[in-house]
1. Mind ordering 41-53, 11-23, 103-115 by average Cβ neighbours within 10 Å, highest first?
2. Compute the length gained on full extension between Asn117 and Thr74: take 0.36 nm times their separation in residues and subtract their Cα-Cα distance, giving the result in nm to one decimal.
3. What are the ³J(HN,Hα) couplings of segment 39-45, residue after residue, when phi is run through the Karplus curve with 6.51, -1.76, 1.60 and θ = phi - 60°? Round to Hz, x for glycine and proline.
4. Once you list every other residue whose beta carbon is under 13 Å from the beta carbon of Val28, what net charge do they have if Lys and Arg are +1 and Asp and Glu are -1?
5. Please state the charge dipole magnitude for the chain, taken about the Cα centre, from unit charges on C-beta atoms (+1 on K and R, -1 on D and E), reported in debye and rounded to the nearest 20.
6. Sorted by packing (mean other beta-carbon atoms within 10 Å per residue), highest first, where do 127-136, 71-80 land?
7. Expressed as a whole number of Å, what is the distance separating the alpha-carbon centroids of segment 113-133 and segment 1-60?
8. From Cα pairs below 8 angstrom and at least 6 apart in sequence, can you work out the relative contact order of segment 12-142, rounded to a whole percent?
Amino acid sequence: MPTRRSSAVWEGGLKSGTGTYKVGSGAVSGAYNFGSRFEEESGSNPEELLAAAEAACYCMAFSGGLERNGTPPTKISTTAECTVEKVDTGFQITTMKLYVEASVPNIDDAKFQEIANATLSGCPVSKAFAGNLNFGVDARLV
């Protein structure tokens, strides 16, 4: 399996500095700063990159689980919300919440929910976060 790379550069102090990042393929890059990460300023931040990674990985893993069930999806749409909060020891990512909508022919909601929840603990990105934050999934069959 390949090893993937991304890079970041930070210039200046914590609150006055600025940073940039880019993924190895060059497909995604952006700028971030203290305000875009810990406040409500516009700009990018590491948490949205983690949320994107989780959403993309979850979609693929959920598709695999549904396919193994004999009910391949026609479409899965996942929005991930990654929350960073101030805690006693500084800042910490505390929560990753997924909102999933999927079109899956010939499946009942109980089986759909079972596979959706199993995927949450089986996706490789989720496994990297396991035990480090609160996870949740709100899956809807459409």
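1. On the way: 41-53: 16.5, 11-23: 12.5, 103-115: 14.4.
So the peptides 41-53, 11-23, 103-115, ranked by packing, come out 41-53, 103-115, 11-23.
2. On the way: separation 43, 0.36 × 43 = 15.48 nm, distance 1.90 nm.
Answer, rounded to one decimal: 13.6 nm.
3. Listing the rounded values in order: 10, 10, 5, 6, x, 8, 6 Hz.
4. Values: positive: Arg4, Arg5, Lys22; negative: Glu48.
Its environment carries a net charge of +2.
5. On the way: 12 positive and 16 negative charges, 105 e Å.
About 500 debye.
6. On the way: 127-136: 12.2, 71-80: 15.8.
Those peptides, ordered most packed to least, come out 71-80, 127-136.
7. 22
8. Values: 208 pairs, mean separation 26.4, N = 131.
The value is 20 percent.
The values are calculated or read from the model by the stated rules, or taken from the named source; none is laboratory data. No experiment lies behind these values; they were computed from the predicted model shown. Backbone-built Cβ (ideal geometry, glycine too); neighbour counts: all protein chains shown. Protein only, heavy atoms only, side chains kept; ligands, DNA and RNA dropped before computing areas. Shrake-Rupley method; radii C 1.70, N 1.55, O 1.52, S 1.80 Å.
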